[in-house]
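Just so you know, all these numbers are worked out from the coordinates, no wet-lab data involved. Computed from a predicted model, the values in this text were never measured in an experiment. With ideal geometry, Cβ positions are generated from the backbone for all residues, glycine too; neighbour counts draw on all protein chains shown.
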Amino acid sequence: MNQEVFAAVADALERGEPAALVTIVSTTGSTPQRIGAKMLVFADGRTVGTIGGGCYENDAFWKARDAIAQRKPQLVRYELSDDFAQ
């Protein structure tokens, strides 16, 4: 799956198209994806890849869109619990 993401990153760079690369950099316990899982988010809302779906992927999507608009990277921590789903 990451090969698809890397190809999309290369295409975006070639075109000069703004995008944010979301990457799982650390995990503890049971998680939907492993370290290194990636999702590329474009300014227009398109995505390539997944970091596991669900509520936290949706939140990461919107944080990535904000990072594109602000032109600032973010490091976000998610606690995967029932509380986050609410």
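What to note about this one:
- Within the set A60, A43, A67, the sole residue that is of a type in the set (A, V, I, L, M, F, W, C) and touching a residue at least 40 places away in the same chain (Cβ under 8 Å) turns out to be A67.
- The residue list V9, V22, V76 contains one member that is among the β-branched types (V, I, T) and surrounded by fewer than 13 Cβ atoms within 10 Å (Cβ to Cβ), which is V76.
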